[in-house]
Amino acid sequence: MRQNKKNFLKKVKGVFEPLLFSREYLKNKKWIIYLIIAFAILSTATRLLVPIIIGDIINSLESRNFNAIYLEIEYIMLLAVLSAIASFVVNFGAQYTSQIYAYNLRKRVVNSMVKKKTKFFHDKTSGDLLSRTTMDIDASRNFIMNSLSQLIPTMLIIIFAVGYLLYINVVYSLFFLATVPILIYVGVKFQKKQRPHWMKIRDTYGVMTESIQEDITGQRTVRSYLQEEPQIDRFTGITDTYYGEYMNVAHLRGIYNNLMPFIISAAATAVIFYGGYSSIVSKTDVGGLVAAVNIFTMVTFPVSFLGRLIAFSENARAGIGRIKGVLDRDLDEDVLTSGDFPKSNGISIRGVKYKRGAREILKNVDLEIPPESFVCLTGETGSGKSSLVNLIPRLEDPSDGQIFIGGVNVRDIPLSSLRNHIAIVPQEISLLSGSISENIIFGRNGITEEMTRRAAKIARIDDFIESLPEGYSTIIGERGITLSGGQRQRVALARAIASNPRILILDDATSSVDPETELAIFSRIVKSIEGITVVLVSLRYSAMKYASTAYELENGEISELQNVEEISYAMEKDGFKNETDL
Amino acid sequence: MKQTYDEIEESYIKTLRGRTALKRLLKDMAKNRKQTAILVASVMITAIAATFSPLAIGDAVNGVATGSFKIIIEFSLVFISLALIQFGSNRFRVLSSTILAQGTVKNLRDRSFKSIQHVPISFFSKVKAGFLISRMTNDGETLGEFLTFQIPSVVSGMTTVIMSIAIMLYLDFNLTLYALIVLPFLSIFTLSLQGKVRRNYLRTRKTIAAITGNLAENISSIRSIKAFNVESYTEGKFDGLNTDNLNANIKASRLSSVYGAIVRIIEYTGIAIVVFAGAIQLKAGLISIGILVSFIFYVQEFFDPVIQLSQLYNSYQSSIVGVGRIYGIIDSKKEAALDGEINVSSLNDSIVLKDVNFAYDDSDALKNINLAIKKGENIGIVGHTGAGKTTLSNLIMKFYTPQSGEILVDGKNLSEINTESYRNLISPVLQEPFLFRGTIYENVKIAAPDKSEEEIEKLAGDFNLDRIFSKLPQGLETNVGELGRSLSEGQKQAIAILRALCRDPQIIIMDEPTSNIDPYSEKFIFQSLEKFAREKTLILITHRFSMISLVDKIIVLQNGEIVESGTFPELREKKGIFSQMYDILYGNRGESLS
Ligand SMILES: Nc1ncnc2c1ncn2[C@@H]1O[C@H](COP(=O)(O)OP(=O)(O)OP(=O)(O)O)[C@@H](O)[C@H]1O
Ligand SMILES: Nc1ncnc2c1ncn2[C@@H]1O[C@H](COP(=O)(O)OP(=O)(O)OP(=O)(O)O)[C@@H](O)[C@H]1O
Ligand SMILES: [Mg+2]
Ligand SMILES: [Mg+2]
């Protein structure tokens, strides 16, 4: 019983949860909220004064006291000004505060997002995360705005009504008070029933975003495989779900939200019954009864507005629930602040195991990469090459074992320093819309135009860039869509080289570049960047011959390849079949 | 002058003007006649019931005066029945307004999505995905919220305004004119702000689109952002956009609040004018006190919804700007010649490119291409990176249309051929494999809907791709993740190959299909392809020659031009570019490069 009561209270409080949540993002803005409250009171007061003045005017009209009327008109105009000021402060204040909230929250969400370990992103899609940073925030912003601008006037009207009722007749006010628990019960029920639907609405919104993004990214595949219709069907399915959930909420609103004013009307009927009966019996005058019933009708709108606020609140809570998933700190990267990148750039990988879920990708890897060397890592598709190299700049962490650079455990090197000195060209290139030079510089401090050009030259993309009418300021589309496959890879390569890294990891970074260009790039890298260690992941034995040592990953274990030359020849010729057959 | 993304977007997707957008929106909504009728009816019933409620109360109270308990009971019952009627009609009102609102939004979203499937491919190199997403989701949501919660207010507000004007006219014509005196001022005031209000809201929509665009890209690139340690730069860029959005919103809400405040003054002035004019007329004995008093009450009744409606004006503007942006996507220019008349069901003779020239915007990509691909022929296209190989395949797949020259399929101009029927003949393995979220099966199945899972599994074995998938514990049931990110690059490519082959097409276009697959696995794939491709028309794009013996003829592209073509021995003989590339790979091995 007690437990129930506690739960119940918790639920009532739940409606205001978004407001509690917002406090953290509205620090220093308390005074605005007080101002809004003060002016909301003023605004309600002016509203309530209007009927009084009108009453006076009617009295004056009846007594034909025209001088009084002119004075009262002045009062009305005075009220006009006051009410205009109050309405401005309340409306602007509410919108301003809610926008500040959204701004701060969005900033925080993005901030926590970029601080997350990559692990956080494994099971999330970018479309879904995107909706969390946009519409989910807006859902709670909307609730806060509505609460700030209307909750106070609404509550004031109800309080005023109850007060006035008490003043007229205590028994009548008891009728009103009797409705309060019923209203709260209905409200809580309404809230509870809506909950899953709003959660579904917010999740579906995420799915919708995700599908649009996926569809746009895959347009060429969609079109070549005539997937337009299936994609449209799929999307329609999502918007159907979305629509359906809104309808579910509408059904609930249709019943519960409308039940609230109905309860008030029922109470008013009871008052008429009781009041009428007792007036007949006691022969008192009916003025009080009429006033009381009028007050009941006056609160029906505020009460149903409160019901609507519950709907907004549930939408907000569902959004906040999703946002909290990003704000959680437990998948944050552990950022050290002190320590330097080691002098030597040799890498030793000792007893490293790496798991994806239950699957062991790397079983027990030991590898010594001497400083200033050029080594190559090869192995079959899916053997774990990318997984292994990603461990070096700590894009992922091994489940067991350690990695050292220049004798220092990578965990003891600050992440920023580690990643500033290790550059990686990932297999999946991610270029951003913007100019080529922006993509090469990539927001890093201290990369000059000269360094950009040099990097482009090493990556052998300089000729191409300079052949473009706008050169380095040429805008490339999203994901570098306006470049050819090999050009994209080389821009990414230039990006990695630009900062003169101590360790360069090339994860099959030249797979779309022709062999001639590929070898030229390798030789330039080694020649131009002094003392660099290069870890090359490559499947091509032709590229491998450039390396001093080559290792092969197989079944999660690593072994050194002997005599690369011979292997390469044998493999490629083999793959080639008989040249003379042709 | 370089265009910003905003400007580029604007030139690619229009934003309809307010009035045009509103007209179309109303037209779209009115299509659902039944719900519109229910909405209007339920709003009217509510309004009528609400008008009668005070009368019922009055009558019940009269019962007290006459001491008749029966009358009290009767009229209380009438009162509660009216409340019940309102309960019912409000329920219908909520339902029908949600159906109309969310139905409209759904419809707009579905149509935009559909439109995106048919815009020219070049569209996507200009417009950021995030911009489109923002228009479809954010802008749609603003509209949805406005309609769901506000249509009833608009309908009932307008009904009340009309009803009050009618009653006022009935009461006193002259005074009604005085009451309406402020309306022209209100309209002029509203109209004079309109342009500014609209610009403000457009700014808010554009800035949220910029945020969406920025985040859509950055979230997908989060690994690179981390790898290069540029989190704070990324955040900084985002902060700028976030601040722009905040400022735009504050600016818009400041104006809207000023507007609301001035409307309040206009309202009170209206009441004051009526009181003043009424007093004068009363003094002159032109009207009776009774009429004046009820008039004053009705004036208040009249102004309430007017004020409500003008307060909605801002959310209306914000939504209508959004709607204009959604219609912009719907109206986007569609792929030219999407619906060629001629349907093709097979390739009977050849695909011929005649004097084809092609440029992206104004940079030439292909020059004077003449090429005949005969049915059953296997062609290799080689050349350095950026030579135009992918571009050539894009033209053959009809993703782009050449600026001059023509592509003839069995002698018919490609632009006259129905795109769908033509693409049905071709299976591409694109240079960048794309996977949908879902399992490997599902990804393959899109190309071969009538093949069972067993058949697909068997085909994977036939093409020797099973050894690549066998590393995955769940095999073909593995979930590939967003853009296939739960797989290795080679595995992604293998799926793209399997997908293309499972479709069993007449024409296969492979653009560097094995660039991320190890040579050992590649060799097996190659062996299986040797048999398979013999019966097909194959276009193989590559700059590595491990699979070159699949092809009968090799075309060498350089800077967008065909510089060499012939069989393998012929080209070896010629000692040209091809030969040179080949030697670098297999020939004078070990020799250092400059
Ligand atoms: N995000 C992920 N979630 C689950 N499994 C993954 C994920 N990324 C990779 N894997 C699995 O880990 C294994 C090793 O992948 P990895 O990308 O390291 O291979 P690789 O050797 O680089 O292959 P490739 O040569 O094809 O690039 C693969 O079998 C792959 O399916
Ligand atoms: N969408 C586009 N918009 C503008 N220019 C483009 C676009 N796509 C490609 N290009 C340009 O056209 C030229 C040819 O590109 P294409 O992709 O056909 O080369 P490719 O031969 O396939 O090269 P790679 O071997 O690197 O894939 C390149 O210079 C490229 O920058
Ligand atoms: Mg890999
Ligand atoms: Mg290409």
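The values are calculated or read from the model by the stated rules, or taken from the named source; none is laboratory data. All figures in this text were calculated on a predicted structure; none of them were measured in a lab. Using ideal geometry, Cβ is built from the backbone for each residue, glycine included, and neighbour counts are taken over all protein chains shown. Side chains included, ligands, DNA and RNA excluded: accessible areas come from the protein's heavy atoms. Shrake-Rupley method; radii C 1.70, N 1.55, O 1.52, S 1.80 Å.
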Name the helices (runs of 4 or more DSSP H) wholly inside segment B:1-72 in which the number of residues that are open to solvent by 90 Å² or more (accessible area, probe 1.4 Å) is 2 or more.
-> B:18-30, B:33-66
Across segment B:440-468, which residue is nearest to the other protein chains (Cβ to nearest Cβ) among those that are within 16 Å of ligand 1 (Cβ to nearest atom) and open to solvent by less than 30 Å² (accessible area, probe 1.4 Å)?
-> B:I468
Taking helices (runs of 4 or more DSSP H) that fall entirely within segment A:27-143, which contain at least 1 residues that are among the aromatic types (F, W, Y) and under 16 Å from the mean Cα position of the chain (by Cα)?
-> A:66-115, A:118-122
Look at A:A494 and say whether it is modelled with pLDDT of 85 or more and more than 10 Å from chain B (Cβ to nearest Cβ).
-> yes
Taking first residues from segment A:438-455 that are open to solvent by less than 50 Å² (accessible area, probe 1.4 Å) and second residues anywhere that are assigned to a helix (DSSP H, G or I) and of a type in the set (F, W, Y), the pairs with Cβ under 9 Å that are 6 or more apart or on different chains are A:I440/A:Y472; A:F442/B:Y233; A:G443/B:Y233; A:R444/B:Y233; A:T452/A:Y472
Looking for whichever is under 26 Å from B:S421 (Cβ atoms) and facing chain A (nearest Cβ under 10 Å) here; the options are B:R534, B:R499, B:R544, B:R485. Which one fits?
-> B:R499
A:V352: more than 9 Å from ligand 1 (Cβ to nearest atom), touching a Pro at 6+ places or on another chain (Cβ under 7 Å) and open to solvent by less than 10 Å² (accessible area, probe 1.4 Å), yes or no?
-> yes
How about segment A:226-263: which of its residues are of a type in the set (D, E, K, R), farther than 23 Å from A:F301 by Cα and surrounded by 21 or more Cβ atoms within 10 Å (Cβ to Cβ)?
-> A:E245
Test: A:L519 is more than 13 Å from ligand 2 (Cβ to nearest atom) and at pLDDT below 85 = yes
Return a yes/no flag: does segment A:532-545 have any residue that is in contact (Cβ under 8 Å) with a residue 60 or more places away in the chain, more than 26 Å from B:V382 (Cα to Cα) and of a type in the set (S, T, Y).
-> yes
A:Y546 passes all but one of the listed conditions (1) open to solvent by 10 Å² or more (accessible area, probe 1.4 Å); (2) facing chain B (nearest Cβ under 9 Å); the exception is number (2)
Would you check which residues across segment B:101-134 are farther than 26 Å from B:G213 by Cα and open to solvent by 10 Å² or more (accessible area, probe 1.4 Å) and list them?
-> B:G103
When you go through (1) more than 24 Å from B:L571 (Cβ to Cβ); (2) away from ligand 2 (no atom under 15 Å from the Cβ); (3) surrounded by fewer than 19 Cβ atoms within 10 Å (Cβ to Cβ) one by one for B:K374, which number turns out not to apply?
-> (1)
Restricting attention to segment B:469-518, which residues are part of a helix (DSSP H, G or I), touching a Lys or Arg at 6+ places or on another chain (Cβ under 7 Å) and either open to solvent by 10 Å² or more (accessible area, probe 1.4 Å) or more than 13 Å from ligand 1 (Cβ to nearest atom) (or both)?
-> B:E482, B:C502
Counting only residues that are within 30 Å of B:K128 (Cα to Cα), give me the helices (runs of 4 or more DSSP H) lying completely in segment B:164-227 with at least 2 of them.
-> B:182-220, B:222-227
Among A:L539, A:L493, which is the only one that is away from ligand 2 (no atom under 11 Å from the Cβ), surrounded by 19 or more Cβ atoms within 10 Å (Cβ to Cβ) and over 21 Å from B:F228 (Cβ atoms)?
-> A:L539
Output yes when any residue across segment A:56-78 is surrounded by fewer than 16 Cβ atoms within 10 Å (Cβ to Cβ) and under 30 Å from A:S313 (Cα atoms), and no when none is.
-> no
Screening B:S350, B:S346, B:S363 for residues that are among the polar types (S, T, N, Q) and touching a Pro at 6+ places or on another chain (Cβ under 9 Å) leaves only B:S363
Yes/no for A:V326 being surrounded by 21 or more Cβ atoms within 10 Å (Cβ to Cβ), of a type outside the set (F, W, Y) and outside any loop (DSSP other than H, G, I, E, B) = no
Return yes when B:E432 is open to solvent by 30 Å² or more (accessible area, probe 1.4 Å) and under 13 Å from B:D511 (Cα atoms) and no when it is not.
-> yes
Could you figure out which of (1) assigned by TED's automatic domain parsing to the domain that holds B:S122; (2) out of contact with any Ser or Thr (no Cβ under 6 Å at 6 or more places or on another chain); (3) acidic (D, E) isn't true of B:D355?
-> (1)
Unmet requirement for A:F404, which otherwise passes all of (1) assigned to a strand (DSSP E or B); (2) within 16 Å of ligand 1 (Cβ to nearest atom); (3) not polar (S, T, N, Q) = (2)
Evaluate the following for A:D514: is it within 18 Å of B:P519 (Cβ to Cβ) and either touching a Gly at 6+ places or on another chain (Cβ under 8 Å) or surrounded by fewer than 24 Cβ atoms within 10 Å (Cβ to Cβ) (or both)?
-> yes
Single residue of segment A:468-488 satisfying the filter (at the interface with another protein chain (Cβ under 9 Å from one of its Cβ atoms), assigned to a helix (DSSP H, G or I) and more than 16 Å from ligand 4 (Cβ to nearest atom)) that is least open to solvent (accessible area, probe 1.4 Å) | A:E478
Pick from A:I413, A:I392, A:I424: which is more than 16 Å from ligand 4 (Cβ to nearest atom), facing another protein chain (nearest Cβ under 8 Å) and open to solvent by less than 20 Å² (accessible area, probe 1.4 Å)?
-> A:I424
Pairs only if they're at least six apart or on different chains, beta carbon under 6 angstrom, first in segment A:505-525 and not assigned by TED's automatic domain parsing to the domain that holds A:A547, second small (G, A, S) and within 14 Å of ligand 1 (Cβ to nearest atom); list them, first residue then second.
-> none
Number of positions in segment A:483-512 that are among the charged types (D, E, K, R) and away from ligand 3 (no atom under 16 Å from the Cβ) | 4
Within segment B:490-505, restricting to residues that are within 13 Å of ligand 3 (Cβ to nearest atom) and in contact (Cβ under 8 Å) with a residue 40 or more places away in the chain, the one that is nearest to B:F463 (Cα to Cα) is B:Q493
What single numbered condition from (1) more than 16 Å from ligand 2 (Cβ to nearest atom); (2) hydrophobic (A, V, I, L, M, F, W, C); (3) out of contact with any Cys (no Cβ under 6 Å at 6 or more places or on another chain) fails to hold for B:L459?
-> (3)
